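Here the structure is laid out as structure tokens; the discussion comes afterwards.
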Amino acid sequence: MTAEPTATASTATAPDLPGMPPAAVPPRFTGARRFVRAFVHRPAGLAGLGILLLFVVLALIAPAFIGPDQLDVTKVNGPLLHAPDGSYLLGTDQAGRSVLLMLVWGARQSLEIGVIATVLTVVIGSAIGIVAGHYGGIVGRALMHVTDWFIALPSLPLAISLAAVLGQGSESITIAIAVTSWTATARLVRAQTLAVEARPFVERARALGAGNRQIMLRQVLPNVMPLILVSSTLTVASALLSEATLTFLGLGSPTQVTWGEMLHDAFFNGAFTADAWWYLLPPGIAVLAVVLGFTLTGRAVEHVLDPRTEDTR
Amino acid sequence: MSSPVAVAEPTAPAPAPASRTRRLRVPRPGYLAGKLLSAVISFAVTLIIGFALFNLMPSDPVRTMTRGRPVSEAQLAQLRVQLGLDQPVWRRFLTYVNDTLHGNLGYSWEFKQSVGSLILERVGPTLLLMGTAFAVSVLLGLWLGMRSGWRAGSLFDKVTSATALTLWSVPTFWLGMLLLVLFSVGIGPIHGFLPTAGMSDPTLPQSGLRHYEDVARHLVLPALTMVLVVYAQYVTIMRSSIIEEKGAPYLLTARAKGLRDDVVRRRHALPNALLPSVTMIFLHLGGLISGAVTVEAIFSWPGLGDLTYQALTVPDLPVLQGTFVVFSASVIIMNLLADLVYRFLDPRVRAQ
Amino acid sequence: MVLRDRRRLRTKLTAAGVSGLLIAGPVALATAAGAQAAPAGSGSTLRVAMDSSGVDTLNPFLSYYNGSFDIFGAIYPSLTEIDENGVAKPYLASSWKLSADRLTWTFTIRSGLKWSDGTPITASDAAWTLNLIMHNKIAATANGALVSNFSSVTAPDATTLVVRTKKPQSNLTYVSIPISGIPIVPQHVWQSHVADLKDYKNDSYPIVGYGPWKLTDYKTDQYAKLDANPTFFQGAPKYDHLIEQIYKESDAAVAALKAGQLDYIGGVNATQFASLQHAQGVTTAQAAGNGWTAVEVNPGARSRSGKPIGTGNKALTDGRVRRAINEAIDKKTLLAKVADGQGQVAEGYIPPAWQQWSWKPSAGQEQNYDPAAANKLLDEAGYKKGPGGIRIDPKTHKPLSFRLGIHSDSSTDPAIATYLVGWLKEIGIKLTIQPMSMTALNSDLGKGDWDMLMDSWTSGPDPSSLLSIQTCGTLPDDNGEGGNTDAFFCDPRYDKLFAEQSTVFDPAQRAKVVGQMQSILYDADVDDLLYNSTTRIAASSKVTGLVTGQARNGFYPAQTTFWSYLKAAPAVRSGSSSGGGHTLVWVIVTALLMVLAGGGGYAAGLRRGGVDDRE
């Protein structure tokens, strides 16, 4: 059992059936319009996307109505740890800041960390996966061994000591997440690369004299892209959970406002004792909503791209 | 944070088109020996990475441990010698390797006892918690996955999948806290009936039936927290496998023979659908021992996860290095077993 | 078809039955165990939360953690004990005499006391313990510093202990006191363990000792169980059993207190305190703060030989910059907003818990919150404001931009730091907050790689150790190794006074010397003391006596667990404890129901979608 379900990129995808040689032909990338039409027919996916859009929009427009004064403990003058009322819809925290505003601002910070960590994870994982799948032989096996080594590393001590070495804060959390999660993507991409390379058009390209780099970039990558896309949405989900966990454990910067930091503050400053449910519940529900959004969207995308993975009779 | 999905792969990947790249076919002494060798190398590499990382951490264990106490110059110097901090890093590494190879996991700076005995003290509670949660998750997840996969599209399936998905998306520690409030603090007029912290009530006898009841009572909330968040993985994987299997021709034959639906499911579809889950189970078993740090912290469960976390604050390097050895070994051994068991179980792979 | 339905029905019933059992099971267990939750054995039990630091080891020669000290104070005797005024009183030693040359102390050991295994306690136990620490490097791990001035310790007979010191030592009666001093261990038990002292865990229960309590069981990371010692010379404790339980989550401890599962928590945070003041069945109290919170400023880190080390900003070597920083901090606001008003603004270096050392700056010496004066001071010193309003150092032409290191696991550091950033900006100084773990912060501190750091210390009734961390003797060597300095403060006048105060035996006179030392520190502005927060105590209304002494200004004297646990007594039965958390619980139930409903709605939505797909 993983220590908290962190960075399991493909939990909700149908597994690339282990043991089965990836002989089944992966679906070609359907045209964009067909994709959209198919996606729209899946209410779960739409719901997920809707949630995401809501949060992304909130995150983007946040600076418009949240100035630095409202989050600065020295400038606010709200009542301390006060229950929600007319002027503070979600109440206030121990310093008198509005929890609602912190929640919106936290969306911005948390999503930023999640997305950047995911980009890092996916880039590293895909690069290694494609190279390992393409080259095979000693290089390929060596890369897979490296992947195995990283899988064997206990993730939480690794993340905490990384954060200590790099200095606490969102940068080290981002790097820690990337370092501990890229392996899942790597293995997935490698398996997919092997499947793609088994197809005739790749052999044709090789016969025509295409070099390694060209094959990897022009033939493999576009066909692996859909899988990477699906994997990314699910990686963001687990990156967000990881961020919440790592910040909760105290690795974040206490001066930043992220959902994980709000939960950390709530727990370690006694909000639980003070029955301050307005401080405890919203960040957790927000994390839940966004993670769910990404997961639903990812699954819907996956179903569209590969109808086999959907419920069939 | 290992992937539950990217599991054991067969030794030979997709059959390579003939005479493409020149592959060096090294004659292997044997599949098992090869796997063992790579396991040992993995182990060695993880030890090196662990040692490097912990020793790179900016830290001052002597000051951190003695903070708030009056300590003389001589005491500090003595401490530094005692902890081996006066030696260069490479010498400490060699001592570490030598000790590990002899089975000596070191001596905790904080707890003044051998790391081995420290781990033995704490491993019981962790395995109890993680083992129980794991067993329940697997059984519950596989059962739910099987039923919902078999009747894919039904209301049961939808509700199961939705609930599992939602619960998987919840931060574990937050869920733990909510459960703590709900069941320990109380719901309205009914008082909470479960304990708030710890593994047992010190006022009760520490052995016998009452003790087991007491520990079981303390176990409910932390285990429930873990189960709720983890079982979804098994539901998903089982469900997909069953859906895959459902379309297989041999099931059609079984049905044509007149077998009842659930017999078909139980005796024919299930064993084959179990294969991917088995590998996942082994992989998760590897990570079992490292415990769930946040759950142990929230419920004051005296386990290994919490020990590691505490050791990171000093930092108590021997404990960190020692537990690193144990955790990595566990994962590597389980990965190895997963490979072997899968190879043994899946006739298709065996045939290769 | 009919066959299939019946089977399905049976399966459904089985499923219902199983789930019913799964729910009923724990409830049954809970009620069963709950009904039998009376303490094992007869008698009353006092349940307390262990100090959050926990226990590292039960070997008093090796231990550093407060949780362990509390236990040692309860199970091992010491020569003297400290009363509520911070004065040493007889314990194992019934009286003592000081020789004319002030170098020889003669203690009369109380006769008739026995260790818990029946062996008489004699002066040789005390002599053996102290000698071991003096001569055995391993045994000196925990308390070697306390005996560094001893030249010899002998026990000429069973009731006489003679301690000779190298130099006169005024605080000798504070060396062996419960909890923060050296505990006396039974020689006949420990003699055989000297060879393997490093590995001896002292874990055979019940531990042979003498004190108000006897340790009968200890489970690592879980709890310690103690039984009262009915023959304790000051009277047996009023409770028959004492249980110290470890709570990793302070909120869990508070929840247990509210639920009646716990009787005493020695320190809760401000939010918990505010909430507990309204809780039923709980009494709260504040004890005068025995520590301070400060922000320290690097005055120019250098080694013992004078060599500058580290990357501290040179501008801070200028006393005027440091003075300006101190005058720009509004300590009253910090106390009100961060500590919830629970405490007092700090002035003297020695915390207010120990009234005999209290010191106040004189009229002209005071440094008040005065940003205008701070700005004026910096202007006149030549630090002109540059772009962005940040002042430029005229010597290096670099802006006054400093790093402020804070403890990432502290709940108050981030809040204080944010205030400091704002206030220092008003006087033209830029602060960058660097959160780090305690150990990383200590590492930077020792090497001099810091500009400003959050700092906090507590002190026992004898100020020597708190004063010692500001002496030149604690500076590191040229490699940055060794040393135990707090802020690289080094002033020969201070060191002279430090040496003097340890030889002054008249308390009033000694207080005067200590006062002069506090004055030097105050003027130096190296440790900008912010406030002394009180120790917030919460206890069950069913127990009295946990908080002892007379309240002064609403603050009780500092409580040591030695007295608290000894004097605690069951109160007259009061009302049942509160359930607590009603609103919170209802909201959570609603939230969970919404989550599940959402899941169900999603399922329903899927159903429709599924039908479309399946056409």
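Here are a few things to note about the model shown:
- Along segment C:350-360 the Karplus relation, 6.51 cos²θ - 1.76 cosθ + 1.60 evaluated at θ = phi - 60°, assigns HN-Hα couplings of 8, x, x, 4, 10, 4, 5, 9, 5, 9, 10 Hz to successive residues, with x for each Gly and Pro.
- Using the Cβ of residue B:306 as centre and a radius below 10 Å, the other residues enclosed give a net charge of 0, where K and R count +1 and D and E count -1.
- The calculated FRET efficiency for residue A:34 paired with residue B:345, based on their beta-carbon distance and R0 = 25 Å, is about 0.05.
- Fewest neighbouring Cβ atoms within 10 Å first, the residues C:251, C:478 line up as C:478, C:251.
- Above 28 Å, the calculated P(r) of segment C:291-533 contains 30 percent of its Cα-Cα pairs.
- Database remark: amide H of residue C:343 closer than 5 angstrom to the amide H of C:534 (H placed geometrically; neighbours at sequence offset of 5 or more, or on other chains; Pro and chain starts carry no H).
- From the alpha carbon centroid of segment C:553-569 to that of segment A:184-216 is 75 Å.
- Global geometry of the protein assembly as shown, whether rounded, prolate or oblate, following the gyration tensor of its Cα atoms and the 1.5 cut on a/c: prolate
- The mean number of partner chain beta-carbon atoms within 10 angstrom of a residue's beta-carbon across peptide C:417-426 is 3.
- Gain upon complete extension [residue C:508, residue C:552; 0.36 nm per residue less C-alpha separation]: 13.7 nm
- In chain A, the longest principal axis of the Cα atoms and the axis of helix A:43-65 are about 50 degrees apart.
- Per-residue [θ]222 nm for the protein assembly as shown (sum of -39500 (n - 2.57) over DSSP H runs n ≥ 4, rounded to 500): -16500 deg cm²/dmol
- Filter on C:214/C:567; C:89/C:198; C:166/C:201 - keep pairs with C-alpha separation over 28 Å: C:89/C:198; C:166/C:201
- DSSP H segments from chain C that extend 27 Å or more along their own axis, Cα-based, with Kyte-Doolittle mean of 0.0 or above: C:2-35, C:582-613
- Kirkwood hydrodynamic radius over Cα pairs of segment C:217-326, then Stokes diffusion coefficient at 4 °C and 1.567 mPa s, in µm²/s: 68 µm²/s
- Residues with amide H under 5 Å from that of residue A:94, placed H, sequence gap 5 or more: A:81
- Cα shape, chain C, gyration tensor, a/c 1.5 rule: oblate
- Residues whose amide H falls under 5 Å from that of residue C:540, counting only those 5 or more places apart or on a different chain, are C:264, C:283, with hydrogens built in the peptide plane.
- Pairwise label distance in nanometres, residue A:87 with residue C:44, each label 7 Å out on the Cα-Cβ vector: 4.8 nm
- Taking other Cβ atoms within 10 Å as a rough exposure proxy, C:94, B:169, A:238 sort from fewest to most as C:94, B:169, A:238.
- For chain B, a/c is not less than 1.5, where a ≥ b ≥ c are the root eigenvalues of the C-alpha gyration tensor, and a/b does not top b/c. That puts it in the oblate class.
- Dipole of segment B:211-285, positive end: most advanced residue of B:269, B:248, B:223 [Cβ charges, Cα centre]: B:248
- Rounded to whole Hz, the Karplus (6.51, -1.76, 1.60) HN-Hα couplings of segment A:280-294, x for glycine and proline: 8, 7, x, x, x, 5, 4, 4, 4, 4, 5, 4, 4, x, 5
- Couplings 3J(HN,Hα) for segment A:76-84, derived from phi with the Karplus relation 6.51 cos²θ - 1.76 cosθ + 1.60 (θ = phi - 60°), are 7, 9, x, x, 7, 6, 9, 5, x Hz, where x marks Gly and Pro.
- Other protein chain Cβ atoms within 10 Å, averaged over every residue that makes up A:78-88: 1
- Gained length - residue C:479 relative to residue C:84, 0.36 nm times residue gap less alpha-carbon distance: 137.8 nm
Computed from the coordinates by the stated procedures, all read-outs in this text should not be read as laboratory data. Quick caveat: nothing in here was measured; it's all calculated off a predicted structure. So basically every Cβ, Gly included, is an ideal-geometry build from the backbone, and we count neighbours across all protein chains shown.
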